[in-house]
Amino acid sequence: MQYEDAVKLLSENGQSHLLKFWDQLDENQRKSLLDQIAGLDFAAIAKMREALAAHTGEKSAKAAGSMAPAEVSVLKGEAADAAERIGSFEVRNGRVAALVVAGGQGSRLGYEGPKGCFPIGPLTRESLFFFHARKILALGREWGACIPFYVMTSTENDAPTRAFFEENAFFGLDKRDVFFFTQSMWPALDAKGRIILDRPDHVFLGPDGHGGTLSALERSGGLSDMVRRGISSVFYFQVDNPLVDIADPAFIGFHKQNLADISIKVCPKRNPDEGLGVVVERDGRTEIVEYTEFTPEQKNERLPNGDLRFKYGSVAIHIFSLDFLQREARAGLPIHVAFKKVPCVDGAGRTVKPVKPNAYKFEKFIFDSLADAKVCSCLAFDRADEFAPVKNAEGDDSPATCQAALVAKWARWLRDCGVNIAEGTDGAPAIKIEIDPAFAHSAASLRKRLASGGVEIDISKDILLQ
Ligand code: UTP
């Protein structure tokens with residue numbers, strides 16, 4: 001793009017201030033600014049400005065009105081076996097893909113670099129990506145099938161993510177079965193709808209939310225790749241939960257039995273204020289309502305048996321049918337507005353890191369696709385086994401709580417196999433434990449592995465099985 005083209009484009013779109021520092025920029029800075037301007041999606045920015053105009057600053061009372069908790073199934077006994085048979089058939093026949101969203105900024109954790117590279121192994125400090133990839137490897141080996149792995153990155157963390165997989169030899173996966181794709185980056189706007197510069201030669205950009213998965217999959221050729229491979233179900237999960245049971249055959253079978261467009265795993269909320277979205281039924285449709293949109297009365301409402309009425313939260317573990325993803329990728333999702341702290345330049349071109357929110361950021365949410373789903377099914381799971389995310393540096397949902405959950409889960413597996421893991425005074429295992437998913441990715445696979453002999457376990461010290 002030439003300077004004159006940029007002047008015209010920006011003036012047509014009310015964004016001429018982006019060239020305010022032009023005279024102070026050197027050749028390289030000018031080129032990079034022009035490249036950025038050429039990459040701005042002004043059709044999307046027009047939609048952001050509309051969303052901003054409609055934004056009241058208050059969360060709408062979305063939760064109000066006649067809504068009821070969505071029906072939630074629990075799989076046990078015969079029903080679980082039947083679902084698992086169907087799901088394993090799907091996996092065995094190469095019809096299941098895994099998709100991780102790893103384009104977020106991980107700002108609460110404050111980790112430099114892609115969140116997926118965060119060291120979480122209690123003994124080895126292996127990364128979040130390690131645990132995901134090794135589960136896929138193990139499941140593929142178990143069923144003699146390929147489970148292609150789609151990894152969504154952002155422009156910011158794409159190169160380091162790819163480099164991390166390369167450095168780690170793709171954790172044993174065949175690199176031809178790992179597909180990286182990059183979500184769009186969106187600018188932030190001030191209250192007048194003007195794009196924010198964070199340097200004189202640079203537009204602030206942030207990822208367009210996990211809802212960006214749909215258009216990014218389509219644009220990158222990810223959807224065509226899935227079609228070419230004969231994929232039917234896509235197991236979707238977030239990068240920060242190393243407990244997730246990837247491509248869990250029972251969940252896939254359940255999804256297939258229900259002929260669902262989307263299936264959602266849900267678990268009982270830790271307490272009424274836990275920040276999980278809740279799956280509800282309203283006007284014959286299923287929706288996920290964010291916790292911020294519930295009134296305190298709704299959050300705390302109880303059934304006669306003492307359970308919360310809106311008891312189950314969604315932890316972003318979903319299965320999508322591929323044909324639904326294809327339809328939705330073209331349909332587009334609504335844009336959400338949030339008032340946030342965004343670095344910006346002052347009048348003299350110096351970067352300022354604001355101490356309070358100063359600008360509007362825009363995001364799409366994957367669960368808004370529910371509005372178009374004809375059938376959506378919800379399955380309850382045991383959170384101790386499958387959910388302990390790394391969101392914060394300390395406290396709840398931190399590396400420490402996540403590692404404790406991993407160790408506790410592996411201790412349960414070992415005890416199931418008759419290994420007597422001692423408890424400390426707090427009831428947690430007295431030693432650290434780590435199991436490489438490629439050694440055993442489930443309680444059943446660990447039992448098999450130990451039964452086949454040749455594994456010595458010394459319970460008097462930390463246990464590493466790899
Ligand atoms: P979170 O909403 O927890 O955000 O993302 P985050 O970026 O990890 O952390 P904070 O909020 O900045 O502290 C949930 C999942 O969705 C992915 C994240 O990588 C994480 O797996 N995500 C989020 C994306 O892939 N893209 C986005 O634009 C946002």
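The values are calculated or read from the model by the stated rules, or taken from the named source; none is laboratory data. As the structure is a prediction and not an experimental result, all values here were calculated from the model. Virtual Cβ from ideal backbone geometry, glycine too; neighbours counted across all protein chains shown.
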* Check GLY87, GLY57 and return the single one that is at pLDDT below 95 and either under 23 Å from the mean Cα position of the chain (by Cα) or at positive phi (or both). => GLY57
* Out of the range 175-204, which residues are within 15 Å of the ligand (Cβ to nearest atom) and either crowded, with 21+ Cβ neighbours inside 10 Å or touching a residue at least 60 places away in the same chain (Cβ under 8 Å) (or both)? -> PHE181, THR182, GLN183, SER184, TRP186, PRO187, ALA188, PHE204
* Failed criterion for LEU379 (all others in (1) more than 17 Å from the chain's Cα centre (by Cα); (2) farther than 30 Å from ALA440 by Cβ; (3) not in a helix (DSSP H, G or I) hold) -> (2)
* **Of all residues making up the range 410-431, the number that are surrounded by 17 or more Cβ atoms within 10 Å (Cβ to Cβ) and of a type outside the set (A, V, I, L, M, F, W, C)** => 1
* Residue count for the range 204-246, restricted to those that are touching an Asp or Glu at 6+ places or on another chain (Cβ under 9 Å) and of a type in the set (Gly, Ala, Ser) -> 9
* To do: Can you give me the number of residues within the range 431-459 that are free of Cβ contacts under 8 Å to residues at least 24 places away in the same chain and assigned to a loop (DSSP other than H, G, I, E, B)?
  => 6
* To do: Of the conditions (1) assigned to a helix (DSSP H, G or I); (2) touching a helix residue (DSSP H, G or I) at 6+ places or on another chain (Cβ under 7 Å), PHE179 clears all except one; give me its number.
  => (1)
* Asked: When the range 138-174 is examined, which residues are found to be touching a Phe, Trp or Tyr at 6+ places or on another chain (Cβ under 7 Å) and aliphatic (A, V, I, L, M)?
  -> VAL151, MET152, LEU173
* Mind checking whether some residue in the range 165-174 is part of a loop (DSSP other than H, G, I, E, B), small (Gly, Ala, Ser) and more than 10 Å from the ligand (Cβ to nearest atom)? -> no
* Asked: Considering the range 239-259 alone, what residues qualify as being within 16 Å of the ligand (Cβ to nearest atom) and surrounded by fewer than 20 Cβ atoms within 10 Å (Cβ to Cβ)?
  -> LEU243
* Filter result (charged (D, E, K, R), within 17 Å of PRO389 (Cα to Cα) and within 16 Å of the ligand (Cβ to nearest atom)) within the range 108-129 -> ARG108, LYS115
* Starting from residues that are over 27 Å from TRP410 (Cα atoms) and either within 8 Å of the ligand (Cβ to nearest atom) or β-branched (Val, Ile, Thr) (or both), keep the ones in the range 87-107 and report whichever is surrounded by the fewest Cβ atoms within 10 Å (Cβ to Cβ). => SER107
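Tell me, yes or no, whether the range 354-367 has at least one residue that is within 24 Å of ASP248 (Cα to Cα), of a type outside the set (D, E, K, R), more than 16 Å from the ligand (Cβ to nearest atom) and out of contact with any Leu (no Cβ under 9 Å at 6 or more places or on another chain). Break it down into steps so the answer makes sense when it comes.
To start, the set of residues in the range 354-367 that are within 24 Å of ASP248 (Cα to Cα) comprises 365-367.
If we keep only those that are of a type outside the set (D, E, K, R) as well, we get 365-367.
Next, only the ones that are more than 16 Å from the ligand (Cβ to nearest atom) stay: none.
Within the range 354-367 (the criterion being within 24 Å of ASP248 (Cα to Cα), of a type outside the set (D, E, K, R), more than 16 Å from the ligand (Cβ to nearest atom) and out of contact with any Leu (no Cβ under 9 Å at 6 or more places or on another chain)), the answer is no, since none of the residues qualifies.
What number of residues in the range 386-430 are in a loop (DSSP other than H, G, I, E, B), within 16 Å of the ligand (Cβ to nearest atom) and either touching an Asp or Glu at 6+ places or on another chain (Cβ under 8 Å) or closer than 23 Å to LYS135 by Cα (or both)? It would help to see each step written out before you state the result.
The initial filter retains those residues of the range 386-430 that are in a loop (DSSP other than H, G, I, E, B), namely 387-398, 417-422, 424-428, 430.
Now narrow it down to the ones that are within 16 Å of the ligand (Cβ to nearest atom): 387-398.
Narrowing the set further to residues that are either touching an Asp or Glu at 6+ places or on another chain (Cβ under 8 Å) or closer than 23 Å to LYS135 by Cα (or both) leaves 387-391, 397-398.
The total comes to 7.
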* Asked: So, in the range 335-363, of the ones that are aliphatic (A, V, I, L, M), surrounded by fewer than 17 Cβ atoms within 10 Å (Cβ to Cβ) and outside any loop (DSSP other than H, G, I, E, B), which residue ends up modelled with the highest pLDDT?
  -> VAL352
* Determine whether the range 292-315 contains at least one residue that is under 30 Å from ALA359 (Cβ atoms), surrounded by 21 or more Cβ atoms within 10 Å (Cβ to Cβ) and modelled with pLDDT under 95. => yes
* To do: Give the range 364-376 a look and list any residue that's surrounded by fewer than 19 Cβ atoms within 10 Å (Cβ to Cβ) and not in a loop (DSSP other than H, G, I, E, B), or say none.
  => ALA371, ASP372
* **Filter pass, GLY106 being among the small types (Gly, Ala, Ser), touching a Lys or Arg at 6+ places or on another chain (Cβ under 6 Å), in contact (Cβ under 8 Å) with a residue 40 or more places away in the chain and not in a helix (DSSP H, G or I)** => yes
